[in-house]
Amino acid sequence: MFTEENLKKIETLKARYPNTKSLTLPALWMAQEQFGWVSEASMKYISVLLNIPYNHVYGVASFYTMYNKKPVGKFHIQVCTNISCQLLGSEKLVVHLCKKLDVSKGEISKDGNFTVSEVECLGSCGTAPAMQINDDYFENLTLEKIDDIISKLK
Ligand code: FES
């Protein structure tokens, strides 16, 4: 299921970690990078590959919000709605994004390009409100800034 390259990475990592259970986070990350999300099949595969209980893999994947438990659009827009961002209007940003992109929260837009999700603290509270699009951070957001960012994505 993993590419040859990812299987080699797993073997390399095995030498660096005390046991295969410690590889759960990087293995889940590899699955998400390879498939775009972490499916139940991926979690079962990782469980067998690392010879660790499925419940452990599932527990780790479900704890961390950065693992997508269902497919997402080409651009996964994750808006922090934790306290600092919420106080500075992040919920309005989510509503604006969903309306602008014609997509419901957590769903994929009809063109397959966008998913808008609410997430917990992105660790960028001092520059709230903040969001992440795929691997890139955007901070001190306003409705105007969001419109500009989105126009450059298309
Ligand atoms: S509360 Fe939004 S980045 Fe921390």
Over 18 Å between Cα atoms, which of K70/K105; K74/K110; K74/K105; K105/K145 qualify? K105/K145
Only four residue types carry charge here, +1 at the Cβ of Lys and Arg and -1 at the Cβ of Asp and Glu. Report the dipole size of the stretch 1-143 about the Cα centre in Debye, rounded to the nearest 20. 260
Spatially proximal aspartates and glutamates relative to K21 (Cα-Cα < 15 Å; intrachain offsets below 8 disregarded): E11
How big is the dipole moment of the stretch 4-63 about its Cα centre under a simple scheme where the beta carbon of each Lys and Arg is +1, that of each Asp and Glu is -1, and everything else is neutral? Debye, nearest 20, please. 220
Quick calc, L13 & D102: beta-carbon distance into FRET formula, R0 41 Å, rounding 0.05, result 0.50
Check which residues have an amide H placed less than 5 Å from F75's amide H, if you skip close sequence neighbours. F114, T115
Which Cys in the chain stand alone, with every other cysteine's Cβ at 4.7 Å or more from theirs? C98, C121, C125
Reachable aspartates and glutamates, given that their alpha-carbon falls under 16 Å from the alpha-carbon of K69 and they are not under 8 places away in the same chain: E33, E40, E107, E118, E120
Straight distance only, please: which lysines reach the Cα of K14 with their own Cα at less than 19 Å, same-chain residues fewer than 8 apart left out? K44
For a footprinting-style exposure proxy, rank I46, I150, I83 by other Cβ within 10 Å, fewest first. I83, I150, I46
Classify the stretch 47-106 as rounded, prolate or oblate from the Cα gyration tensor: take a ≥ b ≥ c as the square roots of its eigenvalues, call it rounded if a/c is under 1.5, otherwise prolate when a/b beats b/c and oblate if not. oblate
Is the shape of the stretch 4-63 rounded, prolate or oblate, going by the alpha carbon gyration tensor and its root eigenvalues a ≥ b ≥ c, with a/c under 1.5 for rounded and a/b larger than b/c for prolate? oblate
In nm, spacing of pseudo-spin labels at T127 and N140 (7 Å Cα→C-beta vector): 0.9
Could I get the Rg over Rh figure for the chain? Both from C-alpha atoms, Rh via Kirkwood, rounded to two places. 1.04
Counting only DSSP beta bridges with both partners in the chain, the antiparallel fraction in percent, to the nearest 5, comes to 55
The stretch 75-153 - percent relative contact order, Cα under 8 Å, separation 6 or more: 36
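Every number in this text was worked out from the coordinates using simple rules, so none of it is lab data. Keep in mind that this is a model prediction, so the values were computed, not measured. With ideal geometry, Cβ positions are generated from the backbone for all residues, glycine too; neighbour counts draw on all protein chains shown.
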